[in-house]
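A quick write-up on the structure given underneath.
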Amino acid sequence: MSALNTAPCKSPADLQERVAAALFREAEAIANRATKVTEEEDSRALRYLERKLDDFLTSRRTGFLLMTALLAFIFWLTLVGTNYPSEALARLFSWGEKQILAFLGGLNAPLWLQGILVEGIYRTVSWVVAVMLPPMAIFFSLFALLEDVGYLPRVAFNLDRLFRATGAHGKQALTMAMGFGCNAVGVTACRIIEAPRERLLAILTNVFTPCNGRLPTLMALAALFAGGGLAASLLLCALVLGGCAITLGVCYLLSRTFLKGLPSYFVLELPPFRKPQVGRVLLRSLLDRTALVLVRAVTVAAPAGALLWVLSASGLAAKAAAALDPLARVMGLDGFILLAFVLGWPANEIVLPVLLACYLSAGTMVEAESLAGLKAVLEEHGWTHLTALCYMLFSLLHFPCGTTLVTIYRETGSLRWVCWAVLIPLATACLACTLVAQLARALGLVTSLFT
């Protein structure tokens, strides 16, 4: 085996790095002795180009800058491409609502049944589909193309040193990428981390990656209150990077308190770049990610909409919101917003529709054709730019959805870790919103935070 560097080790992590480097050099030497490769000139040129591209993509100077630029570009394309299909779906659902009401009226259906079916179930489901489907289809298709071309392992390579510095494992970057699709999937992906301590770190912090249930809402609010286009994409990029920073910060705190230990070394051999199979990737993204997630969201949204209509019609929703309002105001929110997050616990996709139903009288969901009037509805109920920012922060950082919590219990086998998985992000979300709200109010930025 290749000789190790005989200089004194500065730390156990330094020793791990030297051992890993020696193993890699020995494996490379064995491969060179056992294989013979005949190369054409164009193949050598291509390999040289790939090495130079890797140097650029994984450089400490340019790697993170390029990651940020690509993320902002993907968000920009998603925001620009979402408007027209969302409006078309909204008009379609509005037409469908009129047909359903006419049909129920022809049957002389009682008003309470019409309320549950149309104002509760139908409008909630239509909101989820109209708001979620276009951005999911665009964002996940673009993300899948980056994955297919071989860029995501370069992202993991760039983030490895940051995770090791916080006491976590470099593979956590890959589980975070899976969390963009679904946090439950990201939690399951933590199985690739062998060490139990580091796997727990990844499981407990995967929620800080915005999943498909939160991204469409974040996109909608960013477009409304940041003016759309480049400003909205930069805001979304800042939120995602902020989630990554909080992930690193929480990992650092946990690895130095009740999850102490040294990080194990992560050796990643970068795969070659591949020409993306665009048709196959897009089809897989639409079927495996967008369609399945949408079906799950609709399945949860339908009964939730019916329950919310009953709670609002009986006045229970207003009373619960009034009880939560003092705490919410401290965090730059209101009682209805906190209530919406509680009622939206089964699935993040329904939080915004639930909130709108709470705002409008007797649980009536805003009609699908009034998507363009969402900003007016929110401003009518006292929203400012600060409210929008605090809502986005709370949505980014709050407790996992029901599906993710069930997955955490399945992976850890312990209710203790499920409780921590709720308490850690909830405390983080409350603290972050409180700090931002109080700072903005002290500086007089309540109504002009993004203008």
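The values are calculated or read from the model by the stated rules, or taken from the named source; none is laboratory data. Predicted, not measured: the structure shown is a model, and the values here were computed from it. In this analysis, Cβ positions are derived from the backbone assuming ideal geometry, glycine residues included, and neighbour counts consider all displayed protein chains.
Could you identify the single residue in 114, 99 that is touching a Leu at 6+ places or on another chain (Cβ under 7 Å) and surrounded by fewer than 19 Cβ atoms within 10 Å (Cβ to Cβ)? Working first, answer last.
On the way: 99 fails: touching a Leu at 6+ places or on another chain (Cβ under 7 Å).
None of the others qualify; the one that does is 114.
In the stretch 146-213, which helices (runs of 4 or more DSSP H) lie fully inside it and hold 2 or more residues that are buried (at least 24 other Cβ atoms within 10 Å of the Cβ) and in contact with a His (Cβ under 9 Å, 6 or more places away or on another chain)?
Helices (runs of 4 or more DSSP H) meeting the threshold: 196-205.
For residues that are crowded, with 21+ Cβ neighbours inside 10 Å and small (Gly, Ala, Ser), scanning just the stretch 214-229, find the one that is farthest from the chain's Cα centre (by Cα). First the steps, then the outcome.
Filtering the stretch 214-229 down to residues crowded, with 21+ Cβ neighbours inside 10 Å leaves 214-223, 225-226.
Those still in the list that are small (Gly, Ala, Ser) too: 220, 222-223, 226.
Values: 220: 14, 222: 14, 223: 17, 226: 19 Å.
Among those residues, the one meeting the criterion is 226.
I'm checking my understanding of the structure. Among residues of the stretch 327-355 that are within 18 Å of the chain's Cα centre (by Cα) and among the small types (Gly, Ala, Ser), which one is surrounded by the fewest Cβ atoms within 10 Å (Cβ to Cβ)?
If we take residues in the stretch 327-355 being within 18 Å of the chain's Cα centre (by Cα) and among the small types (Gly, Ala, Ser), then 347 is surrounded by the fewest Cβ atoms within 10 Å (Cβ to Cβ).
Taking residue 109 as meeting all but one of (1) surrounded by fewer than 17 Cβ atoms within 10 Å (Cβ to Cβ); (2) assigned to a helix (DSSP H, G or I); (3) of a type outside the set (Lys, Arg), write down the number of the exception.
(2)
Which numbered condition in (1) modelled with pLDDT under 90; (2) part of a helix (DSSP H, G or I); (3) closer than 27 Å to residue 233 by Cα is the only one that residue 382 fails?
Failed condition: (2).
Among the listed residues 3, 31, 45, 22, which satisfies the condition of being hydrophobic (A, V, I, L, M, F, W, C), more than 23 Å from residue 270 (Cα to Cα) and at pLDDT below 80? Spell out the reasoning first.
Values: 31 fails: more than 23 Å from residue 270 (Cα to Cα); 45 fails: more than 23 Å from residue 270 (Cα to Cα); 22 fails: more than 23 Å from residue 270 (Cα to Cα).
One residue alone meets the criteria, 3.
Looking at the stretch 67-74, can you tell me whether even one residue there is under 27 Å from residue 181 (Cα atoms), at pLDDT below 80, surrounded by 14 or more Cβ atoms within 10 Å (Cβ to Cβ) and out of contact with any Gly (no Cβ under 6 Å at 6 or more places or on another chain)?
First pass over the stretch 67-74, keeping only residues under 27 Å from residue 181 (Cα atoms): 67-74.
Right, trim to at pLDDT below 80 and you get none.
Checked against the condition, which is being under 27 Å from residue 181 (Cα atoms), at pLDDT below 80, surrounded by 14 or more Cβ atoms within 10 Å (Cβ to Cβ) and out of contact with any Gly (no Cβ under 6 Å at 6 or more places or on another chain), the stretch 67-74 yields no hits at all.
Kindly indicate which of 257, 188, 247 is modelled with pLDDT of 85 or more, of a type in the set (Val, Ile, Thr) and in contact with a Phe, Trp or Tyr (Cβ under 8 Å, 6 or more places away or on another chain). Walk me through it before giving the result.
On the way: 257 fails: in contact with a Phe, Trp or Tyr (Cβ under 8 Å, 6 or more places away or on another chain); 188 fails: in contact with a Phe, Trp or Tyr (Cβ under 8 Å, 6 or more places away or on another chain).
The match here is 247.
Of the residues 356, 338, only one is in a helix (DSSP H, G or I) and at pLDDT below 90; which?
Numbers: 338 fails: at pLDDT below 90.
Among 356, 338, only 356 is in a helix (DSSP H, G or I) and at pLDDT below 90.
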